[in-house]
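Step one of this worksheet: look at the structure below.
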Amino acid sequence: MNLVTRIGLPLLKSFDPETAHGLALKALNLGLAGGTGPVTSDRLKTELAGIELSNPVGLAAGFDKNAEALRPLSRVGFGFLEVGAATPRAQPGNPKPRLFRLSEDHAAINRFGFNNDGMAAIGERLDAARVKIPVGLNLGANKDSPDRSADFATVLERLGTGVDFATVNVSSPNTEKLRDLQGKAALYDLLDRVMTVREEKARGTKIFLKIAPDLDSDALAEIVEVARATRIDGIVATNTTLSRDGLASAHRDQAGGLSGQPLFERSTRVLAELSKLTEGAMPLIGVGGVGSAEQAYAKIKAGASAVQLYTAMVYHGVGLAAEIARGLDQLLEADGFGSVSEAVGSARGEWL
């Protein structure tokens, strides 16, 4: 942890969480995080659905919702970034307060509700950033949309050519009835629309689906069936959870999605089950509770081709990305793996 982080993290924690997040983005744009680019090595270089990565450690959607800090974020060690969620029209999201630190649990609860500047503003920033590592966009739907499935396709049509991948986010718990789109028929219709737009307007853009960690085995099997039928490129496992099991913090009963350390085991089990259902043939991104190189490595061995983090940076700073990547390189070497891809799914059975 560098000097700026040691001083800055305690200072940020003196503000309410959403204000602190805004200040963190401003600090990034002032160059206070430093960095020279992605951490990399021959072992860390890998591929995600055909996208070449310098390392498999990515930034999860939600940290830079509006693509305001892409350049500085591309320098702190990440192998790839994801911005958004973006909706067709700008929307304010849910009333504040809507973000809560659960410090005793190294977790957070949010109920943002897809607050963002809208696809036009986000698209302009994506065009201007021109970073040297892969960038993805989380697709969302407006809260008051009469056809939410159409919203995902609309955002992809507008912004798809400017990103390396787009993630269909039907798993946020903070937009009413959004998770209903994870049902088999609704999901097929949604992904079919998105894939039609991809083929017509954004052929080079990979399409991923982000799912909730609160799905049972039957629902996961249906999602894999739809994913294969629509020929999407991968699955992101997972978004935040509605579970509150074992929490100690005062804010544990706040409404919204829980992220951070308490999600690690639940999300990794879902990841491993998806790896088994897809027989390792579909790229998976492991998200949920990644706060160390060991946890990133566990996700990879459970079946993830790459991982993403967000909440852990609240407690450890953005320098965590480089720390995890370097530690992952050492863990791969210690176990005799010559590359990330060799380790993917190697310990899947431990989570099933």
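The values are calculated or read from the model by the stated rules, or taken from the named source; none is laboratory data. Keep in mind that what you see is a predicted model, and the values were worked out from it rather than measured. Methodologically, a virtual Cβ is constructed for each residue, glycine included, from the backbone with ideal geometry; neighbour enumeration extends over all protein chains shown. We work out accessible area using only protein heavy atoms, side chains counted, and drop any ligands, DNA or RNA first. Shrake-Rupley method; radii C 1.70, N 1.55, O 1.52, S 1.80 Å.
Output wanted: per-residue J couplings in Hz (rounded whole) for the range 232-243, from phi through Karplus 6.51 cos²θ - 1.76 cosθ + 1.60, θ = phi - 60°, x for Gly and Pro.
5, 9, x, 10, 9, 10, 8, 7, 6, 10, 8, 5
Assuming R0 = 25 Å, what is the FRET efficiency of E199 and E225, from their Cβ-Cβ distance, to the nearest 0.05?
Step by step, r from the Cβ atoms, then E = 0.75.
Between D216 and E124, what FRET efficiency comes out of the Förster formula 1/(1 + (r/R0)^6) with R0 = 45 Å and r the beta carbon distance, rounded to 0.05?
0.60
On full extension of the chain, what length is gained from S14 through N29, given 0.36 nm per residue of separation minus the C-alpha to C-alpha distance?
3.3 nm
What residues have an amide H closer than 5 Å to that of A304, excluding those fewer than 5 places away on the same chain, when H is modeled at 1.01 Å from N in the peptide plane?
G345
With point charges of +1 on the Cβ of Lys and Arg and -1 on the Cβ of Asp and Glu, referenced to the Cα centre of the range 48-169, which listed residue (L73, A49, F152) lies farthest in the positive direction of the dipole?
Positive-most Cα among the choices belongs to L73.
In a GNM of the chain with a 10 Å cut-off on Cα contacts, which of G256, G79, G22 has the highest mean-square fluctuation?
G22
Take the Cα atoms of the range 1-139, build their convex hull, and give its volume per residue in Å³.
Convex hull of Cα atoms, per residue: 132 Å³.
If amide H atoms are built 1.01 Å from N in the plane of the peptide, which residues on other chains or at least 5 residues away come under 5 Å of the amide H of L137?
Distant-sequence amide H within range of L137: V83, F165, A166, T167.
In µm²/s, what is D for the chain at 25 °C and 0.890 mPa s, where D = kT/(6 pi eta Rh) by Stokes-Einstein and Rh is the Kirkwood radius from Cα pairs? Let's see the in-between values first.
Values: Rh = 19.8 Å.
Roughly 124 µm²/s, to the nearest whole number.
Indicate the gyration tensor shape class of the range 72-145 (rounded, prolate or oblate), computed on the Cα atoms with a ≥ b ≥ c the square roots of the eigenvalues: a/c under 1.5 is rounded; otherwise a/b larger than b/c is prolate and the rest oblate.
The shape class here is oblate.
Report the accessible area of F112, computed with a 1.4 Å probe over the heavy atoms of all protein chains in place, in Å² rounded to the nearest 10.
Counting only protein heavy atoms, the figure is 20 Å².
Which of the peptides 169-175, 221-227, 126-132, 145-151 is most tightly packed, and how do the rest follow, going by the mean number of other Cβ atoms within 10 Å of each residue?
Working: 169-175: 24.1, 221-227: 19.1, 126-132: 14.4, 145-151: 16.4.
So the peptides 169-175, 221-227, 126-132, 145-151, ranked by packing, come out 169-175, 221-227, 145-151, 126-132.
Just to confirm, what accessible area per residue do you get for the range 23-116 at 1.4 Å probe, in whole Å²? Write down the numbers at each step before the final one.
Working: 3530 Å² over 94 residues.
Heavy-atom accessible area per residue stands at 38 Å².
Give me the extension gain from Q330 to E265: residue separation times 0.36 nm, minus the current Cα-Cα distance, reported in nm with one decimal.
This chain segment gains 21.1 nm when fully extended.
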